[in-house]
Ligand SMILES: NC(=O)c1ccc[n+]([C@@H]2O[C@H](COP(=O)([O-])OP(=O)(O)OC[C@H]3O[C@@H](n4cnc5c(N)ncnc54)[C@H](O)[C@@H]3O)[C@@H](O)[C@H]2O)c1
């Protein structure tokens, strides 16, 4: 794969799950990385492996503050914008803060990036933009109505990015992430994602609670596939590949029952008693769509995307990381 020259990459949300993995990866390639984060959901411990790297710079600041954004983009070649408040339930409980961060903060970052003449602005979009559309697999051009305040914010990001491309010539690429998982994803808190939450519960012999009968399915996407998409998004020289959005997924779906089965199997390799932890089934969650599956044809065709990790391959890595780091 063609690599970029040594460049300076601003990763907003660089102390979070995806951002800290991206930071580590690009530092490993020898790039300079600037992280802008307000630590609202990110953690200093996510930075510990590279905080002393001389090519790494941490700016503790808030994307809702335009001055922080202007400072962060100085001398930057590429922006990987990950900072946002995730979680559909959080956005239902507090739509105003979610909108401030995810929409106003996003616009601040776009505007600062345009003024600083960054080469490309790559941003975390979301599969939630597919909303109530029923068709599978999801293809980029066919979306439904958003089902949550969070989904609205992520769709508005795409609309703004498109306008900034057309109006100001800023190169943008949106990556619609589908249920990302892997090392460093936060297992704690009311809005924790399902995989790290279930792993921690199973490691403590607590029963995971599945919402519904467990037959809902998702396109679970391992972090290394997401890193590959971000790298392709900044390195691609294909002019047809920019100013658009891509599904960022593995391109397969597994049910929640499959997922828990794999988790128990892989964790039982560390502690056989985990195989006997029972599962509890609860009510379906409001706003949850039954099934999600991405077509990754566009990313394959225009960016040369070739995801290496299936759910099972990614889970083996993730489970081992949680066992070795958080048990
Ligand atoms: N994890 C997923 O499955 C998934 C799926 C779709 C989209 N996304 C998107 O990917 C991005 C990264 O998600 P993640 O899972 O790593 O979440 P995360 O919560 O671990 O990371 C988000 C980071 O942004 C920072 N942040 C939040 N508000 C900020 C602000 N106002 N100013 C500066 N920094 C701020 C947080 O402190 C955190 O470090 C988000 O934009 C999210 O919406 C994630």
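The values are calculated or read from the model by the stated rules, or taken from the named source; none is laboratory data. It should be emphasised that the depicted structure is a prediction, and the values quoted were computed from it without experimental measurement. Positions of Cβ are generated from backbone atoms using ideal geometry, with glycine treated the same way; all protein chains shown enter the neighbour counts.
The table that follows gives values for the structure above.
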item: Residue check for residue 154: within 16 Å of the ligand (Cβ to nearest atom), part of a helix (DSSP H, G or I) and either buried (at least 20 other Cβ atoms within 10 Å of the Cβ) or modelled with pLDDT of 95 or more (or both); result: yes
item: Any hit, region 249-257, residues being more than 19 Å from the chain's Cα centre (by Cα), surrounded by fewer than 21 Cβ atoms within 10 Å (Cβ to Cβ), modelled with pLDDT of 95 or more and over 26 Å from residue 42 (Cβ atoms); result: yes
item: Residue match in region 102-119 (condition: within 13 Å of the ligand (Cβ to nearest atom), part of a loop (DSSP other than H, G, I, E, B) and over 21 Å from the mean Cα position of the chain (by Cα)); result: no
item: Failed item, numbered, when residue 84 is tested on (1) crowded, with 20+ Cβ neighbours inside 10 Å; (2) out of contact with any strand residue (DSSP E or B) (no Cβ under 7 Å at 6 or more places or on another chain); result: (2)
item: Index of the failed condition, residue 59 passing every other in (1) surrounded by fewer than 20 Cβ atoms within 10 Å (Cβ to Cβ); (2) in contact with a helix residue (DSSP H, G or I) (Cβ under 7 Å, 6 or more places away or on another chain); (3) in a helix (DSSP H, G or I); result: (3)
item: Test result for residue 95, surrounded by fewer than 17 Cβ atoms within 10 Å (Cβ to Cβ), closer than 26 Å to residue 289 by Cα, more than 8 Å from the ligand (Cβ to nearest atom) and modelled with pLDDT under 95; result: no
item: Failed condition for residue 22, given (1) within 12 Å of the ligand (Cβ to nearest atom); (2) farther than 19 Å from residue 233 by Cα; (3) modelled with pLDDT of 95 or more; result: (2)
item: Qualifying residue in region 81-90 (condition: within 12 Å of the ligand (Cβ to nearest atom), in a helix (DSSP H, G or I) and closer than 19 Å to residue 19 by Cβ); result: yes
item: Any pair with Cβ under 6 angstrom, 6 or more apart, that starts in region 175-188 at a residue that is farther than 14 Å from residue 252 by Cβ and near the ligand (Cβ under 7 Å from one of its atoms) and ends at one that is modelled with pLDDT under 95 and outside any loop (DSSP other than H, G, I, E, B); result: none
item: Hits in region 271-327 (condition: in a loop (DSSP other than H, G, I, E, B), in contact with a strand residue (DSSP E or B) (Cβ under 9 Å, 6 or more places away or on another chain) and surrounded by 15 or more Cβ atoms within 10 Å (Cβ to Cβ)); result: 279, 292, 293, 295, 296, 305, 307, 309, 310
item: Whichever residue in region 8-19 is more than 10 Å from the ligand (Cβ to nearest atom) and buried (at least 24 other Cβ atoms within 10 Å of the Cβ) and, among such residues, is farthest from residue 191 (Cα to Cα); result: 9
item: Unique residue being in contact with a strand residue (DSSP E or B) (Cβ under 7 Å, 6 or more places away or on another chain), in contact (Cβ under 8 Å) with a residue 60 or more places away in the chain and under 19 Å from residue 140 (Cβ atoms) when the list is 211, 238, 243, 225; result: 243
item: Selection count where residues are part of a strand (DSSP E or B) and under 14 Å from residue 180 (Cβ atoms), scope region 195-231; result: 3
item: Count of residues meeting criterion [surrounded by fewer than 19 Cβ atoms within 10 Å (Cβ to Cβ) and within 9 Å of the ligand (Cβ to nearest atom)] in region 25-56; result: 3
item: Qualifying residue in region 223-239 (condition: under 18 Å from residue 89 (Cα atoms), at pLDDT 95 or above and surrounded by 23 or more Cβ atoms within 10 Å (Cβ to Cβ)); result: no
item: Some residue of region 127-146 being over 21 Å from the mean Cα position of the chain (by Cα) and in a helix (DSSP H, G or I); result: no
item: Some residue of region 130-150 being within 10 Å of the ligand (Cβ to nearest atom) and either free of Cβ contacts under 8 Å to residues at least 24 places away in the same chain or under 25 Å from residue 242 (Cβ atoms) (or both); result: no
